[in-house]
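So the structure is just underneath, and the comments pick up after that.
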Amino acid sequence: MPLKELLLNSSNFTEVLNQYAVNPADFCVKDEDLIFSRLKSTNEDVFRETILIEGLNDKGRICLIGTVYGNFDKNIAVFELESAEYLKGDTVLC
């Protein structure tokens, strides 16, 4: 299960999205494929990874930086927000 899906199954992550008015369809995890393949190659079920999430809301593009803690075996993840900042410029995500 990709990181995005694991995060969307997490109630605390959806609360973060709601706090910043980001629609669940309007975000992506930066370098998700690379992170996911590296995590899966370790053959560890439990993981911890610092990630950058880009999302869109009414104010523009926002970056959420934090740590995701998860368990592939149980398909769960928890996101711990460390910082958020709005970006100027194009609205290209990831």
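Where a number appears in this text, it was derived from the coordinates with a stated rule and is not lab data. Being a predicted model, the structure only gives us computed values, none of them experimental. Neighbour counts are summed over all protein chains in view; Cβ atoms, including those assigned to glycine, are modelled from backbone coordinates with ideal geometry.
Some points to look at:
- In this Cβ point-charge picture (+1 for Lys and Arg, -1 for Asp and Glu), the chain has a dipole of about 80 debye about its Cα centre.
- Annotation: for a label point projected 7 angstrom from Cα along Cα→Cβ of Gln19, residues of the stretch 42-69 with backbone N closer than 13 Å are 64-67.
- Converting phi to 3J(HN,Hα) with the Karplus coefficients 6.51, -1.76 and 1.60 and the offset θ = phi - 60°, the stretch 75-83 yields 6, 10, 8, 10, 10, 10, 6, 9, 7 Hz in sequence order, with x at every glycine or proline.
- Cα-only radius of gyration and Dmax that characterise the chain, units Å: 13.0, 40
- Inter-site label distance for Glu5 and Glu49 at 7 Å from Cα along Cβ, in nm: 1.4 nm
- Model label points for Ser41 and Lys74, set 7 angstrom from Cα along the Cα-to-Cβ axis, are 2.7 nm apart.
- Restricting the GluC sites (Glu not before Pro) of the stretch 1-79 to loop positions (DSSP other than H, G, I, E, B) with no more than 15 neighbouring Cβ atoms within 10 Å leaves Glu44.
- Asp31, Asp73, Asp58 arranged by Cβ crowding within 10 Å, fewest neighbours leading: Asp58, Asp73, Asp31
- Nearest 10 degrees, 0 to 90: helix 32-41 Cα axis against the chain principal axis: 10 degrees
- Sparse packing (at most 14 other Cβ atoms within 10 Å of the Cβ) combined with a DSSP loop state is found for the following trypsin sites (Lys or Arg not before Pro) in the stretch 10-94: Lys30, Lys59, Lys74, Lys88.
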